[in-house]
Structures are given as structure tokens and as C-alpha cells.
Amino acid sequence: MASSEFQPLQGMSDIGVPEIWLWQMIEQRARTLFSCYNYEELRTPSLEKLSVFKRSIGDTTDVVQKEMYSFIDRGGRELALRPEGTAGTIRHLAGRGEEGLNARVFYIAPMFRCERPQAGRKRQFHQVGVEATGVPNPLADAECIALQQHLLEEWGLTGSKIQISTRGELSDRQPVADGLRNALQPHLSDLCSDCQRRINENVLRVIDCKNKNCGKIVDQIPSPVDFMSEESRQYLDTVIHTLKKMGIEVELNPKLVRGLDYYVHTVWEITHGALGAQNAIAGGGRYEIALGKKGVPGVGFAMGMERVITSLESCGVTADQFVPSDGIWLISLGEKALIENMKIARKLREKGLRCGMDLEVKSMKAQMRKANKARVKKVIICGEDEMAKGILLVKDMNEGSQEELSLEDVIRDA
Ligand code: HAM
């Protein structure tokens, strides 16, 4: 075990070779797919005013109450590291006026939650997410889920499950809260102490509670959907029906409420069997985020990249499948060849080729070791003889074959 001097903070990780190759594949494929659906990238700051998160995510959620890294800076401002991407994205889009109210953006970024670290639960983790603003339309929700499903396919992930439900319209909130409170009243003394408080503060949190006893009680009472209007149920039916027509299977789970308060209508979560207790690889939903006098409607999702990677590995998709295997290593036999190789390397790099070399004269064996470590496809050997003949000795590392070529030939074949 390395000394703690070299370790990042608990719940945070350095990501380098070899796992970084898997991260790069995930990011590249996500960017390509998002552009097929007309999403544009948005990068918002990691640090925001605390109020950005409080007003969107909700004062009584676990994320705001227990998990946010918030502090007062030297200027006396209340700030927080973003625990998720939706609140900052909507803050930005609301500032873009009319255009921001009909936008499609994606982000790939680190998020911060001061939770107790455990398998699949980090304090700095990464999300790939999208947000699409615009008037509520069940087809937009279905398209968003379809995009997410498509992305999982592009990554090569199999065996995930989509659970779906609805939070209903804003006007459903009171009847749902009243209905659930009445149903829970006879069980009040059996609920955990957190839920005894939550029942008055934000009763939906009781439905979400991870305590086993609370779970058993929640199983016995009606679901939030049972207290919603016909219109809200119809909206969810349209989303599910559309997805079915598109060939996408979802499972209705009327007790899925999600841990963030901005949701209205459709909510969903994607789980994967390879994960333990923290089995959600993604969450999403339609929301209405109040900003000033206006409410900004939108729909989106976020996938937890660390959990996606664990799931991918369980499906046999691993980092070593994405090792960069092209590239050239230049071997210099003598001082003159070293300078000649500096010139050749510049030409190869101008052509966009990955190439490397030792910058001092070393034994052939030592230089070959470096070439192997750099996982290059070809090695070019340059010595006094080659320079005199105006050729290069090119060795194919996979086939073991060797041939004499001009620099132009090398560039053409690469
Ligand atoms: P969320 O469910 O809080 O939703 O997070 C989305 C995903 O981020 C989770 O399913 C999980 O994979 C990952 N995640 C969350 N917390 C952690 C953690 N501590 N360690 C590792 N991974 C974690 C949102 O964040 C919403 N903003 C999603 C959304 C976008 N809804 C609408 N638009």
C-alpha cells in the first residue's frame, strides 16, 4: 500500500493508464452520439452559488442537506461544489433567454458529493449527462430515454434495466403528499427517525428511504402514482407506449421517486446487476426548475461513469481493448542519427502520427524496451549506414518483418 502522502482524498481517484483508455472510449463515443441527436457541449463551472443547487434540487433532499461540499469563501459568499449537472446547466440556459428555453446540451464532468465512500459511491465522481429544454412533451422524454439506451449500446453494455415512473404535475404534489401521509400515519412509530421527520417535511423521501423497515412499510401502502390525476398517468402511458413502439423495454415501478425535488412527470433510473447496493448507473427525468418568476421546463439524464465502467468490465469490455496500438518509435544508432531522428519525428508528427524516441544515445536493447512500452506498431532504425543510403530500416512490431523504406514510404504506409 502506497504511503498516504501519494494518495488522493478518500472517495476520490486518480485516473490514468490503463483505465483511462476506457474513459476515453466512453467520452469519444458519447460525444459522437450526442451530435447525432443535435446536442451541443456545455461546460459550466464546478463551483456555484449555494442557492443554485438549493433552489433547484430542493432544501429537504439528502443531496442538499447531507451531501454537498458547501462553504463560505474569503469574500463571505455561500458557495458549493456541484453535486450534479442539471442545476448549473439550467442556470446557464435561463440566462440565454428564449434560445435557452429550446436548447439541447450535454456535459461530461466531475461532480462532488460528501457521502460515506463505499463500492460505487465516490466523493468525486463523473457524469455524462444531457439536458433538453422546451415545453413538456412525452415524446421528448421518450427520445431522451432512447438516446440513453442507444449510448449504452454504443459502449457495449448489456444487461441493464430501465425502471420508469412519474412524479406527476405540480398540481399533483399536494394530493400525493396528503395521500401518502394518511397511508403512513398508522405506521408512524415503526418508521426510522429520519422518516418520522421526513413525513412532514417531504413525504416522498419516505418512499425513497433505504432503511429495511421503512421499505417494508412502503410496500404495504399505495404508490404516489395512485394519488395522481388522470392527465399525469396518461402522460406516462404515452412515454411508455412510444418507447415500446421504438423497441425499448422499460419496467414500470410506481414507487420510483428519485432523490431530487425538481422532477415533474417522467422519472427513470437504469440499474445494472453487476453493481452492488449502489446499482444505479443512471438517473433521469422531466423537471421544472424555478428561476426568478419563470419555471424552466426540461428533460435529461446523467450516467455515473465509474458505475458504467464497473458494469462494462463485467460484460468483458475492458481498458486493454482500447490501448492505442498504432504509432512509431524511432531508434537512433549514434549521435548523428539522434539529430536525424529529431527531424524525422517532426515530419511524422506534422502528418498527425504518434511517434516517440529516446532523446539521448542508448543501447539498441534499451531503446527497443521503450518501443515495446509505448505499444507502437512500427520501429524505425536509423544509423550511419541508413543515413548514407538515404533509407530507413522499418520493423513491423506485430509481424516481426523488416524492410528498407524512404521517409515518404513510411508516411504513406502509416
Ligand atoms: P442522480 O441519480 O443523482 O441524478 O445521479 C445520476 C447518476 O450519477 C447515478 O445514477 C449514479 O450512477 C451517479 N452517481 C450519483 N452519486 C454518485 C456517487 N456518490 N458516486 C458515484 N456515482 C454517483 C442526477 O444527478 C440528475 N442530475 C440526473 C438528471 C439530469 N435528471 C435530469 N437531468
When the residues of the stretch 365-395 are narrowed to those that are over 44 Å from the mean Cα position of the chain (by Cα) and in a helix (DSSP H, G or I), which ends up surrounded by the most Cβ atoms within 10 Å (Cβ to Cβ)? 386
Among the residues of the stretch 200-212, is any over 30 Å from the mean Cα position of the chain (by Cα) and hydrophobic (A, V, I, L, M, F, W, C)? no
So which residues in the stretch 251-268 are more than 16 Å from the ligand (Cβ to nearest atom) and surrounded by 16 or more Cβ atoms within 10 Å (Cβ to Cβ), if there are any at all? 254
If you go through the stretch 210-220 one residue at a time, do you hit one that is at pLDDT below 95, within 16 Å of the ligand (Cβ to nearest atom) and either exposed (fewer than 15 other Cβ atoms within 10 Å of the Cβ) or over 19 Å from residue 285 (Cα atoms) (or both)? yes
Consider only pairs whose beta carbons are under 9 Å apart and that are at least six residues apart or on different chains; among these, list those whose first residue lies in the stretch 322-339 and is among the aliphatic types (A, V, I, L, M) and assigned to a helix (DSSP H, G or I) and whose second residue is loosely packed, with under 13 Cβ neighbours inside 10 Å and at pLDDT 95 or above. 338/359; 338/360
Just the residues that are within 13 Å of the ligand (Cβ to nearest atom) and surrounded by fewer than 16 Cβ atoms within 10 Å (Cβ to Cβ), please, taken from the stretch 45-68. 66
Any hit, the stretch 118-134, residues being more than 21 Å from residue 306 (Cβ to Cβ) and part of a helix (DSSP H, G or I): no
From 117, 136, grab the single residue that is out of contact with any Leu (no Cβ under 8 Å at 6 or more places or on another chain) and within 13 Å of the ligand (Cβ to nearest atom). 117
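Pick from 317, 361: which is surrounded by fewer than 21 Cβ atoms within 10 Å (Cβ to Cβ), among the aliphatic types (A, V, I, L, M), more than 16 Å from the ligand (Cβ to nearest atom) and closer than 30 Å to residue 127 by Cβ?
Values: 361 fails: closer than 30 Å to residue 127 by Cβ.
Of the residues listed, the single one that is surrounded by fewer than 21 Cβ atoms within 10 Å (Cβ to Cβ), among the aliphatic types (A, V, I, L, M), more than 16 Å from the ligand (Cβ to nearest atom) and closer than 30 Å to residue 127 by Cβ is 317.
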Taking the condition of being more than 15 Å from residue 255 (Cβ to Cβ) and not hydroxyl-bearing (Ser, Thr, Tyr), how many residues in the stretch 163-176 meet it? 6
Search the stretch 346-362 for residues that are outside the structural domain of residue 372 (by TED's automatic domain parsing) and touching a residue at least 60 places away in the same chain (Cβ under 8 Å) and pair each with any residue that is assigned to a loop (DSSP other than H, G, I, E, B) and not polar (S, T, N, Q) when their beta-carbon atoms are under 9 Å apart and the residues are at least 6 apart or on different chains. none
Which one of these is more than 12 Å from the ligand (Cβ to nearest atom), closer than 25 Å to residue 240 by Cβ and of a type outside the set (S, T, N, Q): 143, 131? 143
The listed residue being surrounded by fewer than 17 Cβ atoms within 10 Å (Cβ to Cβ), basic (Lys, Arg) and closer than 30 Å to residue 32 by Cβ, out of 96, 77, 113: 96
Answer yes if at least one residue in the stretch 175-189 is touching a residue at least 12 places away in the same chain (Cβ under 8 Å), more than 30 Å from residue 10 (Cα to Cα), assigned to a helix (DSSP H, G or I) and within 16 Å of the ligand (Cβ to nearest atom), and no otherwise. no
Looking only at the stretch 203-246, filter to residues that are touching a residue at least 60 places away in the same chain (Cβ under 8 Å) and β-branched (Val, Ile, Thr); which one of those is nearest to residue 163 (Cα to Cα)? 240
Qualifying positions in the stretch 73-102 - among the aliphatic types (A, V, I, L, M), in contact (Cβ under 8 Å) with a residue 60 or more places away in the chain and either touching a Cys at 6+ places or on another chain (Cβ under 7 Å) or more than 11 Å from the ligand (Cβ to nearest atom) (or both): 93, 94, 101
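So that you can scan it fast, the table gives a plain yes or no per residue for (1) under 30 Å from residue 200 (Cβ atoms); (2) touching a Phe, Trp or Tyr at 6+ places or on another chain (Cβ under 8 Å):
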site	(1), (2)
9	no, no
29	no, yes
101	no, no
112	yes, yes
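A quick yes/no check of all residues on (1) under 20 Å from the mean Cα position of the chain (by Cα); (2) more than 27 Å from residue 207 (Cβ to Cβ); (3) of a type outside the set (Ser, Thr, Tyr):
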| site | (1), (2), (3) |
| --- | --- |
| 67 | yes, no, yes |
| 82 | yes, no, yes |
| 92 | yes, yes, yes |
| 96 | no, yes, yes |
Which condition from (1) among the charged types (D, E, K, R); (2) over 30 Å from residue 153 (Cβ atoms); (3) within 16 Å of the ligand (Cβ to nearest atom) is the one that residue 346 breaks? (3)
Can you tell me which residue among 288, 249, 313, 269 is assigned to a helix (DSSP H, G or I) and over 26 Å from residue 414 (Cα atoms)? 313
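The values are calculated or read from the model by the stated rules, or taken from the named source; none is laboratory data. Please read all numbers here as calculations on a predicted model, not as lab measurements. Every residue, glycine among them, receives a Cβ derived from its backbone with ideal geometry; neighbour counts consider all protein chains shown.
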